[in-house]
1. I'd like to verify a number: residues in the range 119-159 that are assigned to a helix (DSSP H, G or I), out of contact with any Cys (no Cβ under 6 Å at 6 or more places or on another chain) and either crowded, with 18+ Cβ neighbours inside 10 Å or at pLDDT below 95 (or both), how many?
2. Just to confirm my filter: which helices (runs of 4 or more DSSP H) fall fully inside the range 161-267 and include at least 3 residues that are basic (Lys, Arg)?
3. Which number in (1) more than 24 Å from Val227 (Cα to Cα); (2) surrounded by 13 or more Cβ atoms within 10 Å (Cβ to Cβ); (3) of a type in the set (A, V, I, L, M, F, W, C) marks the one condition that Ala278 misses?
4. Among (1) surrounded by 16 or more Cβ atoms within 10 Å (Cβ to Cβ); (2) under 18 Å from Leu264 (Cβ atoms), there is one condition Asp187 misses while meeting the rest; what is its number?
5. Have a look at Tyr179, Tyr163, Tyr194, Tyr269 and point out the one that is farther than 30 Å from Leu16 by Cβ and either β-branched (Val, Ile, Thr) or buried (at least 20 other Cβ atoms within 10 Å of the Cβ) (or both).
6. Search the range 48-63 for residues that are within 19 Å of Asn159 (Cα to Cα) and aliphatic (A, V, I, L, M) and pair each with any residue that is surrounded by fewer than 21 Cβ atoms within 10 Å (Cβ to Cβ) and at pLDDT below 90 when their beta-carbon atoms are under 7 Å apart and the residues are at least 6 apart or on different chains.
7. Give the number of residues within the range 2-58 that are assigned to a loop (DSSP other than H, G, I, E, B), farther than 25 Å from Arg87 by Cα and in contact with a Leu (Cβ under 7 Å, 6 or more places away or on another chain).
8. So which residues in the range 173-215 are closer than 20 Å to Leu249 by Cα, aliphatic (A, V, I, L, M) and free of Cβ contacts under 8 Å to residues at least 40 places away in the same chain?
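The values are calculated or read from the model by the stated rules, or taken from the named source; none is laboratory data. Everything quoted here is computed from the prediction, not taken from an experiment. When we count neighbours, we look across all protein chains shown, and the Cβ atoms used for this are built from the backbone with ideal geometry, even at glycine.
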Amino acid sequence: MTTVPSYIALHRSGELLRRAGALELLLESCSVCPHSCGNNRLENEIARCYAGALPIVSSYTPHFGEEPGLGGKRGVGNIFFGNCTLRCVYCQNYEISQHRTRERAHEVSIERLAAMMLELQDRGVHSIGFVSPSHVVPQIVRAVGLAAEAGLRLPLIYNTNAYDAVHVLRLLEGIVDIYLPDLKYADEDLAYAYSKVQEYPRIAREAITEMFRQVGAELLYDSEGVVRRGLVIRHLVLPNDIAGSAASLRWIRDTLGPMVTVSLMAQYYPAHKGATTALLDRKIRQNEYERVLTVLDRLGMEQGWAQEYDAPENYRPEFGDREDPFGNEKGSLVR
C-alpha cells in the first residue's frame, strides 16, 4: 500500500504550525524531556541535556543498518542529533552524545534542518529518521513544517531511548509515522548506575504505552515491503542481564500484547567507558543471547527481528566521518 504521511494533512490545516508553537513554549522553562530542568532555552540557556535554542546535527546520511522492514533497499535518511538525555557509560554513539562542548559547533538553523530532510528525500531514502530526538522535538516539528511546505512527503521515524515526556509525545500524534524506541532497563537502580537517569523503567514504559496508543501494534507496509506506520520496540541484550531482558519482554507482552513488533539486538560491545566498567566490560556471550531468544519464544512473541549473534562488529559507528559514520554497512538483521 502507499500512504501519505499524516503530517501532510496537519500541515495543510495549520495544525502542524500550532503544534510547533505549543512545543516551543515548553522551551521557555524547559520541560521537553523528563528531566524538566526549567532552563530558558529560548534565551539559549543550556539545558541539562546540553542543548540550547538550536538543534545540533552531528551527522545526516542514508543508513542501511536498520531493521529490514525499515531500511528496505534505499535505507533510512537518518539525522543524528548531538547530545542526549541519557549518559550511558557504554554508549556506542558517545562521540556525539557525550562530547558536549565539541558538538555545539554543529548547531544548525531550523531552515537548515528542514533542508537536510529534503536532501535525504532527494537521495531516495524510504523515510526520515530522527535519532536521539527527545531534547529537540520543538525544533524538529518546526523544521518538518518548513520541509512539508517545500515538498517533504516521506514517513518520519522517531528513533529514541524512550526517556520521553508523555505530554510531548501527545503533541507528536499524527506527526510521527513510525516509533522506534529502545527499552533499555527493567531495574531503576541499574538504569541510574549505567545511564544516570531516575525512574527509567517507569518513564520509558509510559512513553512506549503512549506511542502504542497512537499507532497500535500492526505495522503498515508499502508495496516495496517497507514499513510506513507503526511501532517497533528495540531491546539491547546486555552482559550479566543488566538490561533485565525477560522482565522487559514480559511487560511488552502483558501490557501491549504479543503482536507488538520487537527488535532484539545482540550488538553490545564495551564502547566508551564500558571497557572499564565492571559487569559491562565484555561482549555478551552466545548463551546469554540464546536465553533471551528462548524467553521471546516462550512468551509467544513472533513479530519482529533478531540480530544474528555474530553481527556486532557491523554496527560500530565512526563519527570522525560525519558524512558516512556507518560506512553504509547493510548490517545483518534476520527476520
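1. Count: 15.
2. 200-215
3. (2) is the only condition that Ala278 fails.
4. Failed condition: (2).
5. Going through Tyr179, Tyr163, Tyr194, Tyr269 in turn, just one is farther than 30 Å from Leu16 by Cβ and either β-branched (Val, Ile, Thr) or buried (at least 20 other Cβ atoms within 10 Å of the Cβ) (or both): Tyr194.
6. Pairs that qualify, where the first residue is within 19 Å of Asn159 (Cα to Cα) and aliphatic (A, V, I, L, M) and the partner is surrounded by fewer than 21 Cβ atoms within 10 Å (Cβ to Cβ) and at pLDDT below 90, are Ile56/Arg104; Ile56/His106; Val57/His106.
7. 2
8. Hits for the range 173-215 are Ala191, Val215.
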